[in-house]
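> Could you have a look at this structure, given as structure tokens, before my questions?
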Amino acid sequence: MGLDIDYRLCQVCDMMAVEDEYHFIMICPLYEMLRKRFIPIWAYTNPSDYFNELDFKSDNLMGAETVAKLKNALANKIDGNVQALMDLSNAVEASFQEPEVSFPECCKLNDDDLEYYPRLRKKIDFENPCLRYAKYGDRGGRMLSDGVLSVMKTNFEKNRELKWQYFGSEEGVFTFYPGTSRALCDDYDHRFRPWYVETATPEPKNVVIVMDASGSMQRAFPHCEQQGTLMHIAKSASIDVLRTMNPIDKVGVIAFSDGVRVPSGDDETSDCYGYQLASATPLNINYLISDFVNTISDNGDTHYITAFEKAFDLLEASQPVEGELQRDQVILFLTDGEPTDGGESVSLLEKKRNIIHTIVRRNAKMNNEVVIFTFGLGEDPDHQFLRHIAEQDGTVYNVQRNNTAGEVTPGHYKHVSDACKLRTIMASYYDFFSHRTQQSDSPVFSVPYQGATGTGLMTTVALPVKYDGQLKGVVGVDITLDDLLSDVTFFKEGDLSYAFIYESGTKAEGRTLMHPLAPAPIRIQDDPVFVHIWSLERDNIFRSNIYGNVTRVQLLYY
């Protein structure tokens, strides 16, 4: 442990010997009487002869059989919970043709009427789910049927590992089982939670948030029930967008005025936030929020060109390399005013022409793969120009698209007259991709996260629910990793053997879920930091003979 030898000496005798097990059992005078009573004298006077006389048993550990046993144990748990999810999904889909049932709101449940359930470490209502409405959702949205409740009860009784079950609708109604009390009524919008977004838009994205930080953003906004400036509201919206990111996404943030500001980094070759996009892990997201977004100040002019140049720089530096999954390329551009590029000596029309030309030129270098969403905040944004930017349409400015580089995908422009709705409007950019993307019929396992009731790391297993070809929402069930991976966590066969789990054949290729060198899931108290399995298994034999041959999520014995 790195202790100086003086601190490791036996404190109950004067032999100046290291205080280890051998010293206690065989040598230390303090235990002389115990030795004489329980151990033959020749055993501690000639310990080598003693141990040579003992019987040792050698067991041959059959690796293939052990792997199969562990794999089957995990598969049984996964299959049971996935089947519960499938049953719930089918029941929700069927409920669109059945009579609706109104369930109580979670915030109106009384704790005194609920029963504590150790499995969930919460007081619950086993007989009913409860509802949570998104603040800007549709409180008149469709409810579920009694058939859904029946399936939820059956699932809960049959699956010991199953924790919570729920359905979040596109309208903003969240049905949660078993019912449990919540302090607030409208503090949760499931549509912008990672588990929902990842299921609705499963393809990975590269996203750059470009935020106006010019002096005009100091203005108070009278239409918002919250107190604060346009800058304060823009920061809140950007934070919401960051929190919708999935760990398979990559993200960057730019603040612009008469220059650009990006998160700090050392140099252009370092893996830093200012020169390329960051993987949207909890660690990176928390850094971008606390160390950058929350520190942005508003001053200066409104130079669009430098902002778009930097956004394209970040996207170009983060292009998928050979073997990586292809990604949607996205710029989210938020401003409250007209561009001031070039100062008063340049006409407004010329400013706009230069900006559109910059966007067309830079996107052509990326095969026109970048989709731009623009958001005009306040009463006087240039609606028409921001729409032209989103559509990448330079016709009125005599700027032509380079169609030989690939087809341009127009984004959309949103005018935000009510700043309170900016957070919802800006974070809903993913709706665009949910309608373009074919949702998978296979369950989506979320990145593990810290459970709110002290149950340790959890994962959500989710499925999109479609009716008449339209996405209606997402169903999910929660499982703790401690329950799911217990057979691997407590694997003890063989002196030098161990088991571990990582993901393969998924969009989170190589992400380690369980390994002896990582903390057990129940012991992790904060957002986990996930590492690639190569960081833990560094032997070339593993990379060439095992990692390279795995084609699906498996348990590996090594």
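> Please list 3J(HN,Hα) in residue order for segment 181-197, calculated via the Karplus relation 6.51 cos²θ - 1.76 cosθ + 1.60 where θ = phi - 60°; whole Hz, with x for glycine and proline.
So the Karplus estimates, Gly and Pro as x, are 6, 10, 6, 10, 9, 9, 9, 9, 10, 4, 5, 10, 8, x, 4, 6, 4 Hz.
> Turning to a different aspect of this structure: Could you sort the peptides 385-393, 116-124 by per-residue average Cβ neighbour count (10 Å cutoff), highest mean leading?
385-393, 116-124
> Per residue of segment 94-100, in order, report the coupling 6.51 cos²θ - 1.76 cosθ + 1.60 (Karplus, θ = phi - 60°) as ³J(HN,Hα) in whole Hz, putting x for Gly and Pro.
5, 5, 5, 10, 10, x, 6
> Check the straight Cα-Cα distances from LYS77 and name the lysines below 17 Å, setting aside those fewer than 8 residues away within the same chain.
Those lysines meeting the cut-off are LYS69, LYS158, LYS163.
> Same structure again: How much accessible area per residue does segment 119-253 have, in Å², with a 1.4 Å probe?
With the other protein chains kept in place, segment 119-253 gives 34 Å² per residue.
> Would you be so kind as to identify which of ALA317, PRO339, VAL371 lies farthest towards the positive end of the dipole of segment 285-428, taking Lys and Arg as +1 and Asp and Glu as -1 on Cβ and the Cα centre as origin?
VAL371
> List the residues, sorted by chain then number, that are 5 or more residues from GLU105 or on another chain and whose placed amide H is less than 5 Å from its amide H.
LEU131
> Using per-residue counts of other Cβ atoms within 10 Å, averaged over each peptide, order 253-261, 97-105 from highest down.
Listed from highest to lowest mean packing, they are 253-261, 97-105.
> May I ask you to order 177-188, 457-468 by the average number of other C-beta atoms within 10 Å around their residues, highest value first?
Final packing ranking: 457-468, 177-188.
> Okay, moving on. Grab the beta carbon distance between VAL67 and ARG219, set R0 = 56 Å, and tell me the FRET efficiency rounded to 0.05.
The formula returns an efficiency of 0.30 here.
> Around GLN470, under 13 Å between beta carbons, what's the net of Lys plus Arg minus Asp minus Glu among the other residues?
Net of charged neighbours comes to -2.
> Using the Karplus curve 6.51 cos²θ - 1.76 cosθ + 1.60 with θ = phi - 60°, work out ³J(HN,Hα) for each residue of segment 460-470 in order, rounded to whole Hz, and write x for Gly and Pro.
Values, residue by residue: 9, 9, 10, 9, x, 10, 10, 9, 6, x, 10 Hz.
> I would also like to ask the following. Calculate the spin-label point distance for THR489 paired with ASN52, positioning each point 7 Å from the Cα along the beta-carbon direction, and give it in nanometres.
If labels sit at ASN52 and THR489, their model points lie 4.5 nm apart.
> In addition: At a Cα cut-off below 17 Å, give the lysines reachable from LYS71, other chains included and same-chain residues fewer than 8 away excluded.
List returned: LYS492.
> For LYS108 and ARG543 in one chain, what is 0.36 nm times their gap in residues minus the Cα-Cα distance, to one decimal in nm?
Result: 151.2 nm gained on full extension.
> Separate question: Once the other residues with Cβ under 14 Å from the Cβ of THR374 are scored (Lys, Arg +1; Asp, Glu -1), what is the net sum?
The answer is -3.
> While we're on this one: For segment 154-264, what % of the accessible area comes from carbon and sulfur atoms, probe 1.4 Å?
Roughly 48 percent, rounded to a whole number.
> Please report the net charge: other residues with Cβ closer than 14 Å to the Cβ of GLN392, K and R +1, D and E -1.
+3
> Now for a different question. Please calculate how many Å² of accessible area segment 341-431 carries per residue, with a 1.4 Å probe and no DNA, RNA or ligand atoms counted.
Per-residue value: 44 Å².
The values are calculated or read from the model by the stated rules, or taken from the named source; none is laboratory data. Note that the structure is predicted; figures quoted are calculated from it, not measured. Ideal geometry is used to build each Cβ from the backbone, glycine not excepted, and the neighbour counts take in all protein chains shown. Side chains are part of the model used for accessible areas, which takes the heavy atoms of the whole protein and leaves out ligands, DNA and RNA. Shrake-Rupley method; radii C 1.70, N 1.55, O 1.52, S 1.80 Å.
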